[in-house]
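The values are calculated or read from the model by the stated rules, or taken from the named source; none is laboratory data. These numbers come from a predicted model, not from an experiment. Cβ coordinates were reconstructed from backbone atoms using ideal geometry, including for glycine residues, and neighbour counts include every protein chain displayed.
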Amino acid sequence: MTINHEFVDYIPDAIKEGTVYVCVPFATVVHRCCCGCGNEVVTPLSPTDWKLIFDGQSISLDPSVGNWSFPCQSHYWIRRNKVVWARRWSLLNSIASADLPATLGSKRNSETVLTNDKETTTAEEATR
Ligand SMILES: [Zn+2]
């Protein structure tokens, strides 16, 4: 399953399914649950919430999106504009296995994570 992303200045009233809205001024990402249930999923971007990786063409969201508050209980990763579904693990297992798709999936995923870590370190060093 592929999704589109859109960089917006503010979150539009009408959220299209299959589009991930990235609102940089408000550090927020909004999309409709990828299972098709139509619920809006708001993922705030912050050092303690989600991180957005934009590689110039596609976006990835870290960590996974777990919609525990929705009836669908869907759980997936957004990786390079693709929805990667997680199995129905318990919440604890999901956290422990947060990087599982990287080892299961493509080498590219682990590279993305490594690059991201390096950038984080550099940014921290720069503020010191
Ligand atoms: Zn859903």
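In this structure, does Asn93 turn out to be surrounded by 13 or more Cβ atoms within 10 Å (Cβ to Cβ), at pLDDT below 55, touching a Lys or Arg at 6+ places or on another chain (Cβ under 8 Å) and not in a loop (DSSP other than H, G, I, E, B)? When the stated conditions are applied, Asn93 does not pass them. Scan the stretch 50-62 and tell me whether some residue there is within 11 Å of the ligand (Cβ to nearest atom), assigned to a loop (DSSP other than H, G, I, E, B) and not basic (Lys, Arg). No, the stretch 50-62 contains no residue that is within 11 Å of the ligand (Cβ to nearest atom), assigned to a loop (DSSP other than H, G, I, E, B) and not basic (Lys, Arg). Looking at Ala27, Ala14, just one residue is surrounded by 12 or more Cβ atoms within 10 Å (Cβ to Cβ), more than 16 Å from the ligand (Cβ to nearest atom) and not β-branched (Val, Ile, Thr), and that residue is Ala27. Would it be correct to say that Tyr21 is within 13 Å of the chain's Cα centre (by Cα) and of a type in the set (Phe, Trp, Tyr)? Spelling it out, Tyr21 is indeed within 13 Å of the chain's Cα centre (by Cα) and of a type in the set (Phe, Trp, Tyr). The number of residues in the stretch 36-49 being within 16 Å of the ligand (Cβ to nearest atom) and either more than 18 Å from Ser74 (Cβ to Cβ) or buried (at least 17 other Cβ atoms within 10 Å of the Cβ) (or both) comes to 2.
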